[in-house]
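Have a look at the structure below before the remarks.
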Amino acid sequence: MKSMTRYMIPMLLLILSFGCQSTEEGQNNTAESHLAAEEILNVQYGEKSEQKMDIYLPEGRNSNTKVFILVHGGGWTGGSKADTAYVIPMLKQQFPGYAIVNIDYRLASIQYPAFPKQVQDIEEAIQFLKRSNYKISNNYALIGASAGAHIAMLYSYRFDTHGDIKAVCSIVGPSDFTDPNYKNHPYFHYGAQYLIGNINYREHPEVVETVSPAMQVKTTSPPTIMFYGGQGPLLYLLHRGAG
């Protein structure tokens, strides 16, 4: 992920209908214009211990302040928000008027697979932010890496019923598990157990479609930019180092 960051930031400037925050927007609410920058760490957004987020609020924020949400990778079974923390200084530099939220989510096991609980965690995090008094907007861009990118895309295309997600950045995120290169690969059976549990995906191909972001894209889906490496015939599903 780190090697791709130098491409990610300038491309985000081009892709995001999320848009740049204008001077006019920043002056819409003078009562809020004197708010100081804040960093609020390990905020509990749900009842489970893993449901925590770090929140970085810019100076002078108001109800037009847009929000980046970072979603770490780790093969659905590992990783933490610490893995994506290095991106935060770069986002602050390039987008000084934006808020940044870096989330942890519940990790998967075979008994308690990633789907649907991890997309539910993104929903829960967003609803928490909406209920908060942080003086930010309800316009979000998701930046995910590896499994985090898969979760970000799946949530944005299928489960964002309010249209809150305005853009998605996927860094080596798997998007189409119906591709034979996945379904016929020896690693896929192992990874699928952590993603969907002990379901025979060959007998129930509809389950594989359900967790494939590419199968959920609609004309109303948010604009998405995707980064992949130039080598390797298959994205290794459980490559924790990619996160």
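The values are calculated or read from the model by the stated rules, or taken from the named source; none is laboratory data. Keep in mind the model is a prediction, meaning the values are calculated, not measured. Don't worry about glycine lacking a Cβ; one is built from the backbone with ideal geometry, like all the others, and counts go over all protein chains shown. Accessible surface is based on the protein model in full, side chains and every heavy atom, while ligands, DNA and RNA are left aside. Shrake-Rupley method; radii C 1.70, N 1.55, O 1.52, S 1.80 Å.
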Which peptide among 196-208, 145-157, 107-119 comes first, and what is the full order, when sorted by highest mean count of other Cβ atoms within 10 Å?
145-157, 107-119, 196-208
For the residue pair residue 44 and residue 138, what label-to-label distance in nm results when each label sits 7 Å from Cα along the Cα-to-beta-carbon direction?
2.6 nm
Kindly work out what percent of the DSSP beta bridges joining two residues of the range 26-137 are antiparallel, to the nearest 5.
65 percent
Loop trypsin sites (Lys or Arg not before Pro), the range 41-76 (other Cβ atoms within 10 Å of the site Cβ: 14 or fewer; DSSP):
48
Using a 1.4 Å probe, what is the accessible area per residue for the range 147-231, in Å²?
47 Å²
Quick one: divide the alpha-carbon radius of gyration of the range 40-183 by 2.2 N^0.38 Å and tell me what you get.
1.01
Quick one: dipole size for the range 95-164, taken about the Cα centre, charges +1 on Lys/Arg Cβ and -1 on Asp/Glu Cβ, in debye to the nearest 20.
100 debye
Dividing the convex hull volume of the alpha carbon atoms of the range 163-232 by its residue count, what do you get in Å³ per residue?
115 Å³
Would you mind checking which residues have amide H under 5 Å from residue 226's amide H? H placed 1.01 Å from N; only 5 or more apart, or other chain.
170
Using the beta-carbon distance between residue 131 and residue 218 and R0 = 25 Å, what value does 1/(1 + (r/R0)^6) give for FRET efficiency, to the nearest 0.05?
0.35
For the residue 178, residue 82 Cβ pair and Förster radius 25 Å, calculated FRET efficiency rounded to 0.05 is 0.15
The answer for the net charge of residues other than residue 124 whose Cβ lies under 14 angstrom from its Cβ, with Lys and Arg +1 and Asp and Glu -1, is -1
Between residue 94 and residue 109, what is 0.36 nm times their sequence separation minus the Cα-Cα distance? Round to one decimal in nm.
1.7 nm
Here the net charge surrounding residue 136, from other residues whose Cβ is less than 9 Å away from its Cβ (Lys, Arg +1; Asp, Glu -1), is +3
Would you mind computing Rg(Cα) / (2.2 N^0.38 Å) for the range 158-204, counting N as its residues?
1.46
Given Cα pairs under 8 Å that are at least 6 residues apart, what percent is the relative contact order of the range 63-102?
56 percent
